């Protein structure tokens, strides 16, 4: 605009002038950019330190493998030439004893033992037992026979194969374990036998239960969102409170309510007995199993389905339905062929949101899920707090995070995170 | 949408059937919350309605579980902790989040999508993963089992809500008001405090309330990061449900429901006010 305004006046001097104007404009835009960026810097740093770096360090932990490399590096290196099934040569045993006798720090052998135990169960006690008898070993006689005499597990090719496979500062072995795979004696990757495939079973269960819960929230949420959208604003807003109140109520309160309602001596069973629908001896088990997880999570996630559906349905003009009816469509055809297709953006947004929230759920399944209603998050918590296999917990967490990020990417494409409705 | 007078029988079936189904779903939504309230006044230590309660016998009702809550040092301590942690993290999240939102809603913001994605990420990542990650990292720098650690963690979890609500408010903010103010001689500071801030305050407050409730209700991170000293109300409820389930939990639950009703009303009022002062018609 400025260029055009100067045109009739400055004639041939235009290029130089326009150039300096362009440069000035670019400069001021750059200053503006920096000024805008400066506003964001404090928060960005805060999130980086309190959140992003911790997540990154967790991802690193899922492949971090320092124990063998730091404690018995020479033994592990010598195993490169070893082939199963016979135990390694006397030289290897000699190096092992030497390295176990001078660990880099006092706790190193314990850590090493725990690490190898993740791959070969029993290795932890084997190392502890051996560590205690290191001083009493006869230095003149071959160590190989002496160690195997202490525990015949020292002749186990699986143990040596495990040490060999862990000889690198980074490992994929936690991810193998997290997907029910293992290395055999020859170092080849193979699936665990069917009965030991716990994690894939759990991932599969997490996905189909989340899918089922998403479907339930859709079935229950669709009529409600539709009703709220067609009612006059005042009534609609009033009824909206019934959706928002559970949304704002503490998760633990709602989980407690479901325990109170569903347990065998709970309110719902009492009601059914009183109505004579079931006898007192045949009370229904509705909680501490899959049913408990599904019912409680459907209730908790229902508002996340209703709110996006509602905001889409409000924009659908009722005239379309009326037009369809007046052109001879039945109520059902008008609904299914004209109304439902217009709600699809809301259905997609709500479904992905509910699914993302469901696959990461921890609290509710832990409290009402019993044995068979546990999800993958509960397994992560188990490895964090009980088995203390943090590498495996991190690997399971990374896989779950990957799944969530892919879904989030789809959600962002579909809705845009900024359009997310909060209450 | 009332039923028109010329409705056919099939339309009537549809109309009343639909409303019946909706009523059932509303009951499903709200019943769990309302069942807890009368049960918390049970005189017996049971989780179900006694015969006396169903006959509205005054002797069957009591406030003993509320007294139990009030006289229990652990519960009161956890209530204090909850408020300290939630208020501190709300202040931090709201301040940092609002400043960032001001930058994010400027037209010249570079890498907007990437930055927004990073700032929103604590809301997307499943809590169990955030909690595990924070546990690893915070223990390594000596922040686990401290108030500071939990406050920082809860601030991170609350920030997305502040950023989203405040940027949403700013996106419908009329930029010509700023130019008008500056035209009339207001400097940057006056413009911000007299023009921008009053208009975005409802958005900032509802963001703050979201951050507050996020922290107040959060239990997974607290499970991993807190020692006995920093136990919050949800953490105490968690062990109450898992270990020695007592009706005191129902009293606590009722108190928490009351708090959420208050928050809900405030957010709704703010939303209406924000709609009104900006002259948007719904």
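Readers should treat all values here as calculations from the given coordinates under stated rules, not as data from a laboratory. Since this is a predicted model, take the numbers as computed values, not measurements. Cβ placement follows ideal geometry from the backbone for every residue including glycine, while neighbour counts extend to all protein chains displayed.
Compute the separation of the alpha-carbon centres of the stretch A:61-125 and the stretch B:230-259 and state it in Å as a whole number.
Each part's Cα centre sits 48 Å from the other's.
Averaged over all directions, how much area does the convex hull of the C-alpha atoms of chain A cover when projected, in nm²?
Values: hull surface 154.9 nm².
Averaged projected area of chain A's Cα convex hull equals 38.7 nm².
Can you pull the three principal axis extents for the Cα set of the stretch A:54-111, in Å, largest first?
Sorted from largest, the Cα extents of the stretch A:54-111 read 44, 27, 14 Å.
To the nearest 10 degrees, how steep is helix A:90-101 against the longest Cα principal axis of chain A, on a 0 to 90 scale?
70 degrees
With label points built 7 Å along Cα→Cβ from the Cα atoms of residue A:151 and residue A:128, find their separation and express it in nm.
0.9 nm
Past the 52 angstrom mark, what percentage of all C-alpha to C-alpha distances in the protein assembly as shown do you count? Provide the component values of the computation, followed by the final result.
Values: 63430 of 248160 pairs.
Summing the P(r) tail past 52 Å for the protein assembly as shown gives 26 percent.
Suppose R0 equals 30 Å. What FRET efficiency, 1/(1 + (r/R0)^6) with r the Cβ-Cβ distance, do residue A:141 and residue B:140 give to the nearest 0.05? Don't jump to the answer; show the numbers that get you there.
Working: r = 44 Å, r/R0 = 1.48.
My answer for the efficiency is 0.10.
Quick one: pull the percentage of alpha-carbon pairs in the stretch B:77-134 with a separation above 14 Å.
Details: 1152 of 1653 pairs.
Everything past 14 Å amounts to 70 percent.
Just to check, using Stokes-Einstein with a Kirkwood Rh over alpha carbon pairs, what's the diffusion coefficient of the stretch B:157-282 at 25 °C and 0.890 mPa s in µm²/s? Kindly include the intermediate steps, with their values, before the conclusion.
On the way: Rh = 17.4 Å.
Estimated diffusion coefficient is 141 µm²/s.
Going by alpha carbons, how many degrees (0 to 90, nearest 10) lie between the helix axis of A:290-313 and the longest principal axis of chain A?
So the inclination is approximately 40 degrees.
Over all distinct alpha-carbon pairs, what is the Kirkwood Rh of the stretch B:24-119 in angstrom? Write out the running numbers ahead of the final one.
On the way: mean 1/r = 0.0547 Å⁻¹.
Kirkwood radius, the stretch B:24-119: 18.3 Å.
Can you work out the FRET efficiency for the pair residue B:184 and residue B:268, with r the C-beta to C-beta distance and R0 = 51 Å, to the nearest 0.05? It would help to have the intermediate numbers written out before the result.
Values: r = 35 Å, r/R0 = 0.68.
After rounding to 0.05, the efficiency reads 0.90.
For the stretch A:251-343, list log₁₀ I(q)/I(0) at each q in 0.13 Å⁻¹, using the Debye formula over Cα point scatterers of equal strength and ignoring solvent, two decimals each.
Log-scaled intensity ratios, in q order: -0.68.
Could you quote the convex hull projected area for the stretch A:88-202, Cα atoms only and averaged over all directions, in nm²? Can you show the working numbers first?
Values: hull surface 31.7 nm².
Averaged projected hull area, Cα only: 7.9 nm².
Using a basic spin-label model with each label point 7 Å from the Cα along Cα→Cβ, how many nm lie between residue A:264 and residue A:406?
4.1 nm
Two-decimal Rg/Rh of chain B from alpha-carbon positions, Kirkwood Rh?
Working: Rg = 24.1 Å, Rh = 22.5 Å.
So for chain B, dividing Rg by the Kirkwood Rh gives 1.07.
Would you calculate the volume per residue, in Å³, of the smallest convex hull containing every Cα atom of the stretch A:198-419?
Considering the Cα atoms of the stretch A:198-419, their hull volume per residue is 166 Å³.
Taking a spot 7 Å from the Cα of residue A:45 along the direction of its beta carbon, which residues of the stretch B:113-140 have an amide N less than 17 Å from it?
The answer is B:119, whose backbone nitrogens lie closer than 17 Å to the label point.
What are the radius of gyration and Dmax of the stretch B:43-192, computed over its Cα atoms and given in Å?
In order Rg, Dmax, the Cα atoms of the stretch B:43-192 give 23.9, 74 Å.
How large is the helix-only mean residue ellipticity at 222 nm for chain B, computed as the sum of -39500 (n - 2.57) over DSSP H runs with n ≥ 4, divided by its residue count, in deg cm²/dmol to the nearest 500? Walk me through the numbers on the way to the answer.
Working: 12 runs with 202 residues, N = 282.
Here the helix-only value at 222 nm equals -24000 deg cm²/dmol.
What distance in nm lies between label points placed 7 Å from Cα along the C-beta direction at residue A:185 and residue A:208?
3.6 nm
What FRET efficiency, computed as 1/(1 + (r/R0)^6) with R0 = 60 Å and r the Cβ-Cβ distance, is obtained for residue A:170 and residue B:12, rounded to the nearest 0.05?
Working: r = 69 Å, r/R0 = 1.16.
That pair, residue A:170 with residue B:12, gives E of 0.30.
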